[in-house]
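Input: a single structure, listed below in structure tokens.
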Amino acid sequence: MKKGSAAVAEDRRGQRPSRGEAGSGRGSGSAGRSGAPSRGGSSSRGEDSRGSRAGGGRPSSGDSRGRGGRDDAPRGKGAPSRGGYQGGKSGGGKPSGGQDRGYRGRSDDRVRTADQAAYDGPDLPENVTGAELDRGVRAQLKGLPEKLAARVARHLAAAGMFIDENPELAYQHALAARARASRIAVVREAAGESAYAAGHYAEALSELRAAKRMNGATDYLPIMADCHRALGNPEQAIKLAKSPSVANFSSEAKAEMTLVEAGARRDMGQLDAALRTLELAPLTSKSRASWVVRLRYAYADTLEAAGRESDALAWFHRTHAIDSDELTDAAARADLLERRQS
């Protein structure tokens, strides 16, 4: 769900695949999760780029030290119409003559089932019209009846709008859209990305798998791989990282998958393998894009974890040199190492 379409429990936020622009992801994260992708990923339809095209808002996410891995921290789109059964009252007041055994007050106040609550969804902000969505997203909704398409579009746009600041609310909006249009790939994609942003990894994996079955896209691989990591299946994350489609990814999308793969290696205690994975990435790129910042940070963090403090210090400095937006705490990490070595 791109903002125009971040994510995860705060301890996983920085490792998500980025959603559109690597800038949404921050540093590479802590030791266990420094490789998770941040939201901002490439727009290519490779299974590893993230492309939540679901929102005009957006969802993106490392370690508390900087967003680049799930370990430190994927977030992106008024009175609501109420779905579900509304009751059979013909009048507005309480039935007379003692016939109140089945009366539960106003229909809006009645206890609803989980399915009804999901269908109703959260209140929609009055200023969200659905026009905030990308043209391609709106096009996918054209097969729906006009009023239904408008309602789904508003929930998708709200999901994109809230995904960074309130990912759980974004997820509820995406669920409301899914309850109305579960057979549309972009809706399942939005549900997957917002679930990932909110830390519901099993749900995110399920939704993104469904979206992939529907449209054949490979944009979701980094997020899916990171979900496997979060669920304690690093081997599956590595398997996805080795998918043939990764070779066709953009530089940013490849970096996201590299971060996830390196993080999965670290999850398995394979520090040397994690370092080799990162060393195959363009660490010396002259670009100052956030994905380069996050790669360097992940490499420095892994070097430190491996006991190579002098090398780690050098790479924290190299990270800070291009981290003009202070996406990571590379400067503070370098200072700590210098004091430790003095």
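The values are calculated or read from the model by the stated rules, or taken from the named source; none is laboratory data. Since this is a predicted model, take the numbers as computed values, not measurements. No Cβ is skipped: glycine too gets one built from the backbone with ideal geometry, and neighbour counts run over all protein chains shown.
Figures for the structure shown
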{"read-out": "Qualifying residues in region 146-185 (those that are assigned to a loop (DSSP other than H, G, I, E, B) and in contact with a helix residue (DSSP H, G or I) (Cβ under 6 Å, 6 or more places away or on another chain)) - the one nearest to Q116 (Cα to Cα)", "value": "A181"}
{"read-out": "Residue satisfying condition, being aliphatic (A, V, I, L, M), within 16 Å of the chain's Cα centre (by Cα) and under 11 Å from T277 (Cβ atoms), within set L259, L231", "value": "L259"}
{"read-out": "Close pairs (6 angstrom Cβ cut-off, 6 or more residues apart or separate chains): aromatic (F, W, Y) in region 278-300, at pLDDT below 95 and not in a helix (DSSP H, G or I) anywhere", "value": "Y297/G27; Y297/S28; Y297/G66; Y297/G68"}
{"read-out": "Total residues in region 308-342, condition more than 17 Å from T284 (Cα to Cα) and touching a Leu at 6+ places or on another chain (Cβ under 9 Å)", "value": "8"}
{"read-out": "Helices (runs of 4 or more DSSP H) lying entirely in region 196-310 (those with 2 or more residues that are within 21 Å of D325 (Cβ to Cβ))", "value": "251-267, 290-305"}
{"read-out": "Failed item in (1) surrounded by 22 or more Cβ atoms within 10 Å (Cβ to Cβ); (2) at pLDDT below 95, with A159 passing the rest", "value": "(2)"}
{"read-out": "Of all residues making up region 252-290, the number that are crowded, with 24+ Cβ neighbours inside 10 Å, touching a Ser or Thr at 6+ places or on another chain (Cβ under 7 Å) and not β-branched (V, I, T)", "value": "11"}
